[in-house]
Amino acid sequence: EESVQNLAQTLGENSSVKELTGLIAEIKPAKMDVIKAARTNDDVHALQIEAGMQDSMSKVEELSRNLVDEEQKALTQVMTDQDRQARTTVVLLGIFVGVGILIGIIVSFIAAHMMTKPLNVLDKSMAALATGDLRIKLDETGRDEIGRTISSMSHMVRDLHGLGEKVQ
C-alpha cells in the first residue's frame, strides 16, 4: 500500500495509477475480512472472499506490469536522450579543444617568427659585415635585447664607415 501511495505521488496524473489506487482501496477491506475469517478458522468463508477478489487482484497485477513496462520504456528513452546529449557534448568539447590547440600552434608560429625575424636580420648583417661590406643599413627595431644589439651594430657600422672614409 505504501508503494502505491508513493507511486500515486510520483505519477498522480497517470490513469493507470489512479485505477490501481482505486483497486487497492477496494481490495483492502476484503483482505481484512479474509484475515478475520482465517483467524476464526472459517476457511470456507475466507476462500470465498478471496475468490471474489481474484478479478481485482489480476487487474492489479496487470496494471502494475503495464506501469513497470511504461516506466521502463520512458527511462530507456531518457537514457538514450542523455547518452545522445553526452556524446554531443563530448564532440563539441573535442572541437573546442582542437580549435584551441590549433589557435595555440598558429599563435606560437607567429610569435616565433616575430622573435626570429630580427635575429635573422642581425645574422645576415653580421655575415655581410664579416665580408667587409659596410653598406648595410639596419632598422632599429625595439627596445629589447635584440633591438639594442641591432642598434649597437648599426652604430658600429656607421662608425666603421666613418673611419673608412677618414682613412681614404
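Observations on the structure shown:
- Selection of segment 28-66 for residues being within 50 Å of the chain's Cα centre (by Cα), modelled with pLDDT of 85 or more and not basic (Lys, Arg) yields SER56, MET57, SER58, GLU61, GLU62, LEU63, ASN66.
- Close pairs from segment 114-138: first closer than 21 Å to ASP159 by Cα, partner open to solvent by 40 Å² or more (accessible area, probe 1.4 Å) and part of a helix (DSSP H, G or I), Cβ under 6 Å, at least 6 apart: LEU134/LEU160; LEU134/HIS161
- The combined condition, being assigned to a helix (DSSP H, G or I) and more than 30 Å from ILE24 (Cα to Cα), is not fulfilled by LEU67.
- Restricting the first member to segment 87-111 and to residues that are free of Cβ contacts under 8 Å to residues at least 40 places away in the same chain, and the second to residues that are in a helix (DSSP H, G or I) and among the polar types (S, T, N, Q), no beta-carbon pair is closer than 6 Å while six or more apart or on different chains.
- Checked against (1) open to solvent by less than 90 Å² (accessible area, probe 1.4 Å); (2) within 30 Å of LEU7 (Cα to Cα), THR116 passes all but a single condition, namely (2).
The values are calculated or read from the model by the stated rules, or taken from the named source; none is laboratory data. Since we're looking at a predicted model, the values are computed, not measured. For neighbour counting, all protein chains shown are included, and Cβ atoms are generated from backbone atoms with ideal geometry for every residue, glycine included. Quick note on the areas: whole protein, heavy atoms, side chains included, nothing else; ligands and nucleic acids left out. Shrake-Rupley method; radii C 1.70, N 1.55, O 1.52, S 1.80 Å.
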